[in-house]
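Student: Below: one structure in structure tokens.
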Amino acid sequence: MAQTQRDLEEDVASEEKTEEPPMFRVYLLNDDYTTMDFVIFVLRHIFNKNDEEAVNIMLHVHRNGIGLCGVYSSEIAETKVKEVTGLARENGFPLQCKIEKEE
């Protein structure tokens, strides 16, 4: 079935209204028990940070109580949090993450 001009215009209009999916910030929270080395390991292996980035984020978390690890789609952010929490618990650490919708 052939599309009419009106159908094509509606298709174009609906494409223009399509919004980008919301993005979410993933933060690490400081605690008194998780070692700095483990936080660096998490940042390198779960958040794919290089050594310098990992150390800088770890120090920011240590000094300020919270540090941004990255901005991701909802599913990826939730997966990162589950990976961090699971790995931390396996290693006996209470490390926690927080997800916040980006404005």
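Student: What helices (runs of 4 or more DSSP H) lie completely within the chain and have 2 or more residues being at pLDDT below 95? It would help to see each step written out before you state the result.
Tutor: Numbers: elements: 5-17, 36-45, 51-64, 74-90.
It comes to 5-17.
Student: Which ones in segment 51-97 are in contact (Cβ under 8 Å) with a residue 60 or more places away in the chain and either within 9 Å of the chain's Cα centre (by Cα) or over 20 Å from residue 24 (Cα atoms) (or both)? Outline the logic, then answer.
Tutor: First pass over segment 51-97, keeping only residues in contact (Cβ under 8 Å) with a residue 60 or more places away in the chain: 93-97.
Matches in segment 51-97: 93, 94.
Student: Scanning for something loosely packed, with under 14 Cβ neighbours inside 10 Å and aromatic (Phe, Trp, Tyr), does segment 65-81 turn up at least one residue?
Tutor: No, segment 65-81 contains no residue that is loosely packed, with under 14 Cβ neighbours inside 10 Å and aromatic (Phe, Trp, Tyr).
Student: When you scan segment 19-47, how many residues do you find that are more than 13 Å from the chain's Cα centre (by Cα) and of a type in the set (Phe, Trp, Tyr)?
Tutor: 3
The values are calculated or read from the model by the stated rules, or taken from the named source; none is laboratory data. Since the structure is predicted, the reported quantities are computational estimates derived from the model, not experimental observations. Cβ coordinates were reconstructed from backbone atoms using ideal geometry, including for glycine residues, and neighbour counts include every protein chain displayed.
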